[in-house]
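See below for the structure under consideration.
The values are calculated or read from the model by the stated rules, or taken from the named source; none is laboratory data. This one's a predicted model, so the numbers in the text were calculated from it and none came from an experiment. For neighbour counting, all protein chains shown are included, and Cβ atoms are generated from backbone atoms with ideal geometry for every residue, glycine included. The area values use the complete protein model at the heavy-atom level, side chains included, leaving out ligands, DNA and RNA. Shrake-Rupley method; radii C 1.70, N 1.55, O 1.52, S 1.80 Å.
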Amino acid sequence: MARYVINGGNRLEGNIRIKGAKNSALALLSASILTQESVVLRDCPDISDIGNMLSILGGLGCKCSFDCGTITVDSSTLDGAEIENNTAKKIRSSVFLLGAMLSRCKKAKIAYPGGCNIGLRPIDIHIDGLRKLGVEIVETQDALECDATHAHSAYMRLKIPSVGATENLIMASVFLHGKTVIDNCAREPEIVDLQNMLVAMGAKVSGVEDGRAVIEGVESLHGVDYTVLPDRIVAGTYLIAAAMCQGEITLENVRRRHLEALTAKLADNTCNITYKDDRITLYSNGVSTNPPLLSTGYYPDFPTDLQSQFLAMMTIGKGKCVIEENLFEDRFKAANELRLMGADIVVRGKRAFVNGVGRLNGTTVKACDLRGGAALVLAGLVARGTTIVEDIYHIDRGYEDMAPILRSLGADIKRI
Ligand code: EPZ
């Protein structure tokens, strides 16, 4: 199994370009089956979650190509509405296809989704919302069988602003005559990106940025050539790496607004952050002082997908920090591995109590989930000696070329 071998202690200097967001590209790929015309998605990251989604679409009869970041989907040959078990189990975003499949095929059967083991990750909000749209759903032992023959527009209010449920319900509504309103919907930039692409395809969708999606049904959608918005989580991961290693890095192709929850926390520390057009530069020349509290929340609050990486930074900062994970019930898996490196972390329920120890010691650790794995790499970059990160297939789900990118910034890391 592949692993990273990291020798810690190097500063990071240099420029990198951020590619399109995994969590947008996956939703846009689902939306690509809402038209029989060709859909072109540019600046897509070459990561395993995208590869799996392309194999799911291929399994449904779509013709997909992926070349130098550009994906083309031709779903005119789509001939299935069933997502088989093993692939669906690999990635959670297979459930995001449900809404689009119902809009396209009226019937759909999908296996219960897989994805990161960061919590139960139920899909009750997806199911409740689809039922409000008149979709008949039978839950069998390991799959959902859905029939949207009598689906209709509706008003609904989500009990929590679920990203996946919002995406599914918007895609399930685009052809429903009349007006569908999804109140308390998720407002993440990736969903605004989906809204923008759907509008470019001829849909009538608005209000996602305000947390109240309004969809007016249209007859059909046409093809589109669309560029995926930059990945704020990948960008945030490398900003935290630079804050930990010290040095000066510039990220190209970022959206300032999408990084504000993180940069507000980094600027508290010894980091100097500047912007120019679509570039952000972070300069760090000292060990940070830990903020007393970090609490994750729905956008625009601090993103749960950067929580593990921030936890790694707190282990070497000065002072104590309480990290509160409010979205997922089991997203502190990296803490056990960081403790092996000498970190002082106590996890109680949804809180991690961290006491900065100044430096970590290299050892062998295991990635347990996508973002927790990235956190271990960051810890290895600053630890004394050599750190080996195993099970890095978790990291491959969301980071393209992590080792070459970090090496280009001066890190001593290789994939073996
Ligand atoms: C999306 O997952 C992202 N994945 C996650 O990124 C991200 O962490 C999450 O949104 C929150 O921002 C993709 O976009 C592919 P949710 P999703 O539904 O849609 C509960 C990464 O690292 N919930 O917003 O699954 C759920 O248990 C991944 O890139 C229900 O209770 O997240 C969780 O506690 C990890 N019932 C909370 O809502 C439901 O029906 C937020 O989940 C659905 C969700």
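Considering each residue of the range 199-243, count those that are of a type in the set (Ser, Thr, Tyr) and either closer than 25 Å to residue 285 by Cβ or crowded, with 19+ Cβ neighbours inside 10 Å (or both), and give that number.
At the first step, the residues of the range 199-243 found to be of a type in the set (Ser, Thr, Tyr) are 206, 220, 226-227, 237-238.
Going one step further and asking which of them are either closer than 25 Å to residue 285 by Cβ or crowded, with 19+ Cβ neighbours inside 10 Å (or both), we end up with 226, 237-238.
The total comes to 3.
Filter the range 14-27 down to residues that are under 14 Å from residue 233 (Cα atoms) and near the ligand (Cβ under 10 Å from one of its atoms), then give me how many there are. If you could, list the steps in order and put the result at the bottom.
Restricting attention to the range 14-27, the residues satisfying the condition of being under 14 Å from residue 233 (Cα atoms) are 17-25.
Within this subset, residues satisfying the condition of being near the ligand (Cβ under 10 Å from one of its atoms) are 21-25.
Residues flagged as under 14 Å from residue 233 (Cα atoms) and near the ligand (Cβ under 10 Å from one of its atoms) within the range 14-27 amount to 5.
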Self-check item: Pairs with Cβ under 8 Å, 6+ apart, first in the range 387-402 and acidic (Asp, Glu), second open to solvent by 10 Å² or more (accessible area, probe 1.4 Å) and modelled with pLDDT under 95
Solution: 390/1; 391/1; 396/48
Quiz item: Hey, any hits in the range 352-362 for a residue that's open to solvent by 40 Å² or more (accessible area, probe 1.4 Å) and within 19 Å of residue 302 (Cα to Cα)?
Solution: yes
Self-check item: Residues that are within 16 Å of residue 343 (Cβ to Cβ) and within 14 Å of the ligand (Cβ to nearest atom), drawn from the range 368-416
Solution: 368, 372, 373, 374, 375
Exercise. Take the range 353-379 and flag every residue that is in contact with an Asp or Glu (Cβ under 6 Å, 6 or more places away or on another chain) and under 10 Å from residue 389 (Cα atoms).
Key: 365, 366, 367, 376
Self-check item: Residue among 182, 137, 191, 170 that is buried (at least 22 other Cβ atoms within 10 Å of the Cβ) and part of a strand (DSSP E or B)
Solution: 182
Quiz item: Counting only residues that are among the aromatic types (Phe, Trp, Tyr) and modelled with pLDDT of 85 or more, how many does the range 97-141 have?
Solution: 0
Practice problem: With respect to residue 367, determine if the residue is crowded, with 24+ Cβ neighbours inside 10 Å, closer than 15 Å to residue 310 by Cβ and not charged (D, E, K, R). | Solution: no
Quiz item: Hey, which of the strands (runs of 3 or more DSSP E) in the range 263-339, taking only ones fully inside, have at least 1 residues that are within 16 Å of the ligand (Cβ to nearest atom) and closer than 30 Å to residue 192 by Cα?
Solution: 293-295, 320-324
Practice problem: Mind telling me which of the residues 75, 30, 38 ends up being out of contact with any strand residue (DSSP E or B) (no Cβ under 6 Å at 6 or more places or on another chain) and more than 16 Å from the ligand (Cβ to nearest atom)? | Solution: 75
Quiz item: Any residue in the range 111-122 that is away from the ligand (no atom under 16 Å from the Cβ) and not in a loop (DSSP other than H, G, I, E, B)?
Solution: no
